[in-house]
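Encoded as structure tokens, the structure appears first; notes follow it.
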Amino acid sequence: MEIKVSNDITQMSAEVLVINKFEGEKTSQEIANTYAVEKDGFEGKLGETYLLHTYGKIPADKILVVGFGKNEEFDANKMREAVCKAIKKLQQIKAKNAVLDFDVTIDYGKSAAIGALIADYAFDKYKTEKAPRLETITFAKFSQKEVNEGIIFGNALKMTRDLANEPAQYATPAKLAEIAQNIEGVDTKVYDRDEIERMGMGAFLAVGRGSDQPPKFIHMKYTGKNPKKKIAIIGKGICFDSGGLDIKPASSMLTMRDDMSGAACVLGVMSALAKLQPEVEVHGIIAACENMPSGKAYKPGDILKAKNGKTIEVDNTDAEGRLTLADALCYATELKVDEIIDLATLTGACVVALGTVASGIMGNDKEMINRLVETAKASGETFWELPMFSEYKNSLKSEIADMKNTGSRMGGASIAGIFLKEFVGSKDYIPKWCHIDIAGTAFIEKPQKEFISGATGAGVRTLLNYLKKA
Ligand code: BES
Ligand code: MN
Ligand code: ZN
């Protein structure tokens with residue numbers, strides 16, 4: 001779908017003219033006021049739509065009225081939701097082009113474009129019959145600048161969702177590495193198995209050992225003009241999580257191609273940076289591998305040594321994400337960045353706690369956590385802080401190593417956070433760090449709000465907005 005901006009009246013000859021209605025207010029078109037509002041009592045609740053034929057009364061064949069809810073409550077998030085609903089309605093009626101002419105005083109071009117691109121998304125590359133799509137939409141009131149930024153965000157979301165939806169048979173560690181190497185405006189270094197071993201990443205290496213797909217450690221770097229800060233973003237990159245020898249039951253394994261959603265988010269974000277040009281240095285880091293059972297697989301009871309020298313007793317091979325992240329966090333620490341953000345489909349416990357509604361966030365710096373929570377809210381995502389009580393550490397105690405990898409399932413999301421903290425920083429320096437558990441939010445089995453089932457691109461919008469402000 002192409003998104004255009006135009007301020008002239010040729011809009012009126014569009015196939016469908018999309019206009020808005022606030023509750024208790026009139027629309028900009030008389031014919032809509034007469035038929036939709038007065039005759040049919042269309043109220044204009046947020047996201048509600050009303051379609052009417054114009055029978056030649058105006059140049060557009062049809063008018064779609066979309067509800068914006070109460071004027072005083074309207075904001076960028078509601079604009080995104082409303083546009084998304086409008087586009088879905090247009091797809092339903094198999095429209096090919098539309099002009100969206102909204103009567104608002106703020107330039108909502110960015111959120112409107114994001115909403116349109118979220119609605120336009122379908123993972124139908126493997127289906128013979130494709131989803132219905134519009135060819136062109138034109139925004140009549142918004143600036144090119146805001147719309148362009150929305151398009152950049154929307155394309156990043158699409159890239160992330162495509163990667164997380166892609167079957168594990170195609171989205172392998174090597175494939176992620178190849179994609180990273182092709183991102184424009186970013187310097188990428190990919191480390192192979194031998195180099196990973198030489199770097200001392202014993203935890204990451206162990207997780208990938210059971211798979212026939214070789215592991216890849218991916219480091220992307222974007223340098224903005226006058227960078228004020230260095231930020232590392234790390235994505236969990238388990239291309240398939242079978243559980244390893246502690247194998248998952250079939251029903252839990254079914255969607256585990258999504259276990260690289262953190263990595264997919266990092267790739268989507270990195271792909272947008274050269275276009276957004278934020279004034280910051282960003283390191284995108286992914287330890288990519290598969291967690292598979294085999295004669296070569298790591299075993300419960302094994303003791304692994306991470307890059308920072310700490311030893312880990314494996315008490316469950318299905319707690320693999322934190323092992324790969326441990327080495328990635330050590331690597332980021334060595335880059336001496338100011339801040340680290342990791343995103344991971346890390347624990348079922350986080351899904352139990354927060355469902356698919358919110359991602360869990362933890363960290364070592366309250367101000368940074370708050371900033372991310374606020375940025376998420378403004379971006380249309382929800383991050384919810386989970387505690388990191390020191391007592392959780394007790395369950396990670398090991399008799400034979402520095403710690404265990406699993407501990408208890410009770411309080412599992414927090415315990416995972418406490419485990420990761422062991423690998424953030426070194427004796428002489430501790431960067432600010434936040435961990436975002438996207439296990440519940442990155443991949444949904446039923447449609448939710450603007451999103452169809454499957455990958456949602458969790459974290460992409462928040463991280464992009466966060467890096468823009470950094
Ligand atoms: N990838 C899973 C977590 C997950 C669960 C992601 C559901 C998305 C949806 C992770 O590697 C895992 O298996 N975690 C275990 C940890 C346990 C063994 C301590 C879990 O949550 O059960
Ligand atoms: Mn697992
Ligand atoms: Zn996993």
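The values are calculated or read from the model by the stated rules, or taken from the named source; none is laboratory data. The structure displayed is predicted, hence computed values, not measured ones. Virtual Cβ from ideal backbone geometry, glycine too; neighbours counted across all protein chains shown. To get the accessible areas, we keep the full protein, side chains included, count just its heavy atoms, and leave off ligands, DNA and RNA. Shrake-Rupley method; radii C 1.70, N 1.55, O 1.52, S 1.80 Å.
Show me the helices (runs of 4 or more DSSP H) found entirely inside the stretch 347-440 where at least 2 residues are within 16 Å of ligand 3 (Cβ to nearest atom) and under 26 Å from the mean Cα position of the chain (by Cα).
Per the criteria, 348-354, 412-421.
In this structure, is Y55 aromatic (F, W, Y), over 23 Å from A122 (Cβ atoms), open to solvent by 20 Å² or more (accessible area, probe 1.4 Å) and assigned to a strand (DSSP E or B)? It would help to see each step written out before you state the result.
Details: aromatic (F, W, Y): yes; over 23 Å from A122 (Cβ atoms): yes; open to solvent by 20 Å² or more (accessible area, probe 1.4 Å): yes; assigned to a strand (DSSP E or B): no.
Considered against the rule, which asks whether it is aromatic (F, W, Y), over 23 Å from A122 (Cβ atoms), open to solvent by 20 Å² or more (accessible area, probe 1.4 Å) and assigned to a strand (DSSP E or B), Y55 comes out as no.
So, in the stretch 266-303, exactly how many residues are of a type in the set (G, A, S) and more than 29 Å from the chain's Cα centre (by Cα)? Write out each step before concluding.
Residues of the stretch 266-303 that are of a type in the set (G, A, S), as a first pass: 268, 271-272, 274, 284, 287-288, 294-295, 297, 301.
In the following step, the residues that additionally are more than 29 Å from the chain's Cα centre (by Cα) were identified as 294-295, 297, 301.
Residues that pass the stated criteria total 4.
Quick one: D124 ticks every box in (1) surrounded by fewer than 22 Cβ atoms within 10 Å (Cβ to Cβ); (2) touching a Lys or Arg at 6+ places or on another chain (Cβ under 7 Å); (3) touching a residue at least 12 places away in the same chain (Cβ under 8 Å) bar one, so which box is it?
D124 satisfies every listed condition except (3).
For T317, which of the numbered conditions (1) of a type in the set (V, I, T); (2) within 16 Å of ligand 1 (Cβ to nearest atom); (3) in contact with a Cys (Cβ under 9 Å, 6 or more places away or on another chain) fails to hold?
(3)
Which of the residues that make up the stretch 330-343 are within 16 Å of ligand 3 (Cβ to nearest atom) and either among the small types (G, A, S) or part of a helix (DSSP H, G or I) (or both)?
So the first thing to find is which residues in the stretch 330-343 are within 16 Å of ligand 3 (Cβ to nearest atom), and the list is 342-343.
Within the stretch 330-343, no residue meets the criteria.
In the stretch 299-326, how many are more than 10 Å from ligand 3 (Cβ to nearest atom), open to solvent by 30 Å² or more (accessible area, probe 1.4 Å) and assigned to a loop (DSSP other than H, G, I, E, B)?
10
Given the condition of a type in the set (A, V, I, L, M), open to solvent by less than 10 Å² (accessible area, probe 1.4 Å) and at negative phi, answer yes or no: does some residue in the stretch 422-434 qualify?
Initial filter on the stretch 422-434 (of a type in the set (A, V, I, L, M)): 424, 430.
Among the residues that remain, those that are also open to solvent by less than 10 Å² (accessible area, probe 1.4 Å) are: none.
No, because not a single residue in the stretch 422-434 is of a type in the set (A, V, I, L, M), open to solvent by less than 10 Å² (accessible area, probe 1.4 Å) and at negative phi.
Only one residue in K94, K78, K130, K88 is open to solvent by 20 Å² or more (accessible area, probe 1.4 Å), part of a helix (DSSP H, G or I) and over 24 Å from K26 (Cβ atoms). Which one? Quick ask: steps written out before the conclusion?
Numbers: K94 fails: part of a helix (DSSP H, G or I); K78 fails: over 24 Å from K26 (Cβ atoms); K130 fails: part of a helix (DSSP H, G or I).
K88 is the lone residue from the list that is open to solvent by 20 Å² or more (accessible area, probe 1.4 Å), part of a helix (DSSP H, G or I) and over 24 Å from K26 (Cβ atoms).
Is it the case that K189 is farther than 23 Å from N405 by Cβ, free of Cβ contacts under 8 Å to residues at least 40 places away in the same chain and surrounded by fewer than 18 Cβ atoms within 10 Å (Cβ to Cβ)?
Yes, satisfied.
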